[in-house]
């Protein structure tokens, strides 16, 4: 059983965790979370259904079903991950399964933006480096990711990760967290609200 889901908040400077590899290019959002699960009232239960159809096809042999991966938090993928429809449910499902960071060859732009917006850093590495990680057969392969230096370290490997500088700064400052940023600037928000001409409108019956 996964521990209770706790969403990230504020600054994100380091992510340490076990890796889970998903091999294949152009894995789209419909595979990450099939369309029939989009009718949910909130995102809470989506983690249970992530990669549902792929997992059914592989009958327990999918990486997200393997016992040795149940505590994994860093997803390793190939190129154009998250392509297809722009559904925000895809990163929400991955996060609720337990994913805290994704390292891949490349990402679809909207998927990347949706991940950043909820606190999942997405890093890129050259194809050869990704394959080196994915070929690692060691159970419980851990990486330590330092966002300040953009370096990922394991027991035997070091990788220099690529991430958009604007995204890196947002994680280091906590500005990716729109709700926290608004609360932090509550006084400025109230001041701006009072300055708006239409905020003074009063309804008269």
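Tabulated data
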{"quantity": "Search result, residues across region 58-82 that are more than 11 Å from residue 102 (Cβ to Cβ), in contact (Cβ under 8 Å) with a residue 24 or more places away in the chain and in a loop (DSSP other than H, G, I, E, B)", "calculated": "63, 64, 70, 71, 72, 78, 79, 80"}
{"quantity": "Qualifying positions in region 136-152 - part of a loop (DSSP other than H, G, I, E, B) and either touching a residue at least 24 places away in the same chain (Cβ under 8 Å) or touching a strand residue (DSSP E or B) at 6+ places or on another chain (Cβ under 9 Å) (or both)", "calculated": "136, 139, 140, 141, 147, 148, 149, 150"}
{"quantity": "Qualifying residue in region 85-98 (condition: without any contact (Cβ under 8 Å) to a residue 60 or more places away in the chain and in contact with a strand residue (DSSP E or B) (Cβ under 9 Å, 6 or more places away or on another chain))", "calculated": "yes"}
{"quantity": "Region 83-101: number of residues that are within 22 Å of residue 12 (Cα to Cα) and not in a helix (DSSP H, G or I)", "calculated": "5"}
{"quantity": "Residue list for region 107-125, filter: touching a strand residue (DSSP E or B) at 6+ places or on another chain (Cβ under 9 Å) and assigned to a loop (DSSP other than H, G, I, E, B)", "calculated": "108, 120, 121, 125"}
{"quantity": "Residue within region 33-55 that is touching a strand residue (DSSP E or B) at 6+ places or on another chain (Cβ under 6 Å) and part of a loop (DSSP other than H, G, I, E, B) present", "calculated": "no"}
{"quantity": "Filter result (buried (at least 18 other Cβ atoms within 10 Å of the Cβ) and within 16 Å of the chain's Cα centre (by Cα)) within region 144-162", "calculated": "145, 147, 161"}
{"quantity": "Region 153-195: number of residues that are outside any loop (DSSP other than H, G, I, E, B) and at pLDDT below 85", "calculated": "17"}
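Residue-wise test of (1) surrounded by 13 or more Cβ atoms within 10 Å (Cβ to Cβ); (2) modelled with pLDDT of 95 or more; (3) under 24 Å from residue 124 (Cβ atoms).
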site: 3; (1), (2), (3): no, no, no
site: 15; (1), (2), (3): yes, yes, yes
site: 32; (1), (2), (3): yes, yes, yes
site: 36; (1), (2), (3): no, no, no
site: 39; (1), (2), (3): no, no, no
site: 67; (1), (2), (3): no, no, no
site: 85; (1), (2), (3): yes, no, yes
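The values are calculated or read from the model by the stated rules, or taken from the named source; none is laboratory data. The shown structure was predicted, so the numbers you read here are calculated from the model rather than taken from an experiment. Neighbour counts are summed over all protein chains in view; Cβ atoms, including those assigned to glycine, are modelled from backbone coordinates with ideal geometry.
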